[in-house]
1. Where in the range 273-357 are the strands (runs of 3 or more DSSP E), entirely inside, with at least 2 residues that are of a type in the set (Val, Ile, Thr)?
2. Looking at the range 88-101, I want the residues that are farther than 12 Å from GLY68 by Cβ and have a partner that is in a loop (DSSP other than H, G, I, E, B) and small (Gly, Ala, Ser) with Cβ atoms under 7 Å, at least 6 apart or on another chain. Which pairs are those?
3. Can you report the number of residues in the range 80-134 which are at negative phi, part of a loop (DSSP other than H, G, I, E, B) and among the hydrophobic types (A, V, I, L, M, F, W, C)?
4. Pairs needed: first member in the range 118-135, outside the structural domain of HIS82 (by TED's automatic domain parsing) and exposed (fewer than 11 other Cβ atoms within 10 Å of the Cβ); second member anywhere, of a type in the set (Phe, Trp, Tyr) and part of a loop (DSSP other than H, G, I, E, B); C-beta distance under 6 Å; at least 6 residues apart or different chains.
5. Which of the residues belonging to the range 171-192 are of a type outside the set (Lys, Arg), out of contact with any helix residue (DSSP H, G or I) (no Cβ under 7 Å at 6 or more places or on another chain) and surrounded by fewer than 19 Cβ atoms within 10 Å (Cβ to Cβ)?
6. Would you say GLN381 is touching a Phe, Trp or Tyr at 6+ places or on another chain (Cβ under 8 Å), more than 25 Å from SER168 (Cα to Cα) and either surrounded by 20 or more Cβ atoms within 10 Å (Cβ to Cβ) or not assigned by TED's automatic domain parsing to the domain that holds SER197 (or both)?
7. Those residues that are of a type outside the set (D, E, K, R), more than 17 Å from the chain's Cα centre (by Cα), in a strand (DSSP E or B) and in the same structural domain as PRO139 (by TED's automatic domain parsing), I need them from the range 7-60; list them, please.
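The values are calculated or read from the model by the stated rules, or taken from the named source; none is laboratory data. Computed from a prediction, not measured in an experiment: that's the story for all the values here. In this analysis, Cβ positions are derived from the backbone assuming ideal geometry, glycine residues included, and neighbour counts consider all displayed protein chains.
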Amino acid sequence: MSAINLDYLVQPDRVHRSVYTDPTLFDLEMEHVFEKIWVYCGHESQVKKPGDYWTLQIGRQPMVMVRGEDMRIHVLYNRCPHRGVMLCGNQSGNTGKHFVCSYHAWSFKLDGRISAIPLAKGYDGTRLTFDDPQASMVPAARVDSYRGFVFASLSPTGPSLTEFLGDSKVAFDDICDRSPEGEVEAVPVCHRVMQRSNWKFFMENQLDALHPSVTHQSTGVPARRVENRLKAEQGKAPLFFHYLSTFASSFDQWDSVQTVNFPNGHGILKAYMGLRPTDPDTLEYEALMKKAYGEAKAEEYLSRSIHHVLVYPYLSVQSPLQQLRCLRPIGPDRTLSEIWHFRLKGVPEAIYRRSLWYFNLVNSPATMINADDLENWTKGQWGLQSKGGDWVSFHREHGRDTETDGVSYSNKGTSEVVMRNQFKAWKAYMQPVVAGAAA
């Protein structure tokens, strides 16, 4: 541990390849980053009734999010305190009024407190007592939510949720504000993809404006040809062709957008997707928004310039289309990606289906867009495990961005300030690890 030199590993314009490949560094990330910061657990609509639960992973810890009898949401370690068996083996379900261990039938209330132990007299005179906290499921140290999105921290100390999110909370505001009721609900189909690469590849890629015209050309160019042909023949083309053709935008177009990079590694890629046609469904939706919020506020909500919002180090939110992708790192070269879609409450069905097209065409495991990225990240992981060089370059536009009050603004959309900002946060999170080792 004392041999870790963060200043060597993370330099202003490059990072060492070991931050993607070293199992020791990965273990430290899990313990000192993912298991201490606020981590996304799920949306409150996933656990509507008492006993409803979803299992998840925070760092390397198996957890369960459950709706209690009091309608509060609890996040608990998914572990029986008796012999360590996981209480919930399924991804989701309803456990009734109790969690019951499948091994020895210890049962627990929905807030994790012990409820019953079979043949309890067998513990008389031992150090295990019914009122011993160690006889109950262990709760996450802190649980909080923002606009219905639930987070937990395994550390009892640290910034509050809103302090951690900072300006990146606009991701959840933008999703919810696009509903005339101010709320969304999770669509109960989660795409799950195992990426054979380090989690950092995904996070860097989301605001990387240079790669789409290269990586996704094989999808974007044919989609544009069909889109243009339909426009010429019929006067218009279905909107879903635009979802794909926009990936073939020119280098100059991508260079004209802007990234805004916040403290803690969070960031925004600006550029609205152009999803405001004048068809009857959209006009009906906009009328509902104006009725709910007034014309000025509705226009503000509908015209926010957002393509991606990143909550570092694990969340990518495409709020105009109600998409969310959450990373659960498994190993230095394995990352589970959970891909969620949300329905705006109170909007016409056609608006929901419009965003559902994007969910399936761009973000699902079956799309070429996703496959293109997965291939690059896998090849990147393999390349960094080789002896072909020790450094990963983030030199593009270095020294040419604008920084104000800790926020970095790219003056070119393809600036690698995104990656530099993320590693600035990574280094800050990892600094106490090194300090502890030195002490």
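1. On the way: elements: 308-311, 315-318, 323-331, 334-344.
In the range 273-357, the matching strands (runs of 3 or more DSSP E) lie at 308-311, 334-344.
2. ASN94/GLY51; GLY96/GLY51
3. Within the range 80-134, the subset at negative phi is 80-83, 85-92, 94-95, 97-104, 106-111, 113-118, 120-124, 126-134.
From the residues that got through so far, the ones that are part of a loop (DSSP other than H, G, I, E, B) too are 80-83, 85-91, 95, 97-98, 101-104, 106, 109-111, 113, 117-118, 124, 126-132.
Filter once more, so that each one left must be among the hydrophobic types (A, V, I, L, M, F, W, C): 80, 85-88, 101, 106, 110, 117, 128, 130.
Residues meeting the conditions: 11.
4. Note: no pairs meet the criteria.
5. Residues satisfying the conditions are ASP173, GLU181, VAL187, PRO188, VAL189, CYS190, HIS191.
6. Values: touching a Phe, Trp or Tyr at 6+ places or on another chain (Cβ under 8 Å): yes; more than 25 Å from SER168 (Cα to Cα): yes; either surrounded by 20 or more Cβ atoms within 10 Å (Cβ to Cβ) or not assigned by TED's automatic domain parsing to the domain that holds SER197 (or both): yes.
For GLN381, the condition - touching a Phe, Trp or Tyr at 6+ places or on another chain (Cβ under 8 Å), more than 25 Å from SER168 (Cα to Cα) and either surrounded by 20 or more Cβ atoms within 10 Å (Cβ to Cβ) or not assigned by TED's automatic domain parsing to the domain that holds SER197 (or both) - is met.
7. Within the range 7-60, TYR53 is the sole residue that qualifies.
Residue-wise test of (1) closer than 28 Å to ASP27 by Cα; (2) assigned by TED's automatic domain parsing to the domain that holds GLY346; (3) surrounded by 13 or more Cβ atoms within 10 Å (Cβ to Cβ).
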site: GLU284; (1), (2), (3): no, yes, yes
site: GLU300; (1), (2), (3): no, yes, no
site: VAL311; (1), (2), (3): yes, yes, yes
site: LEU324; (1), (2), (3): yes, yes, yes
site: ARG328; (1), (2), (3): yes, yes, yes
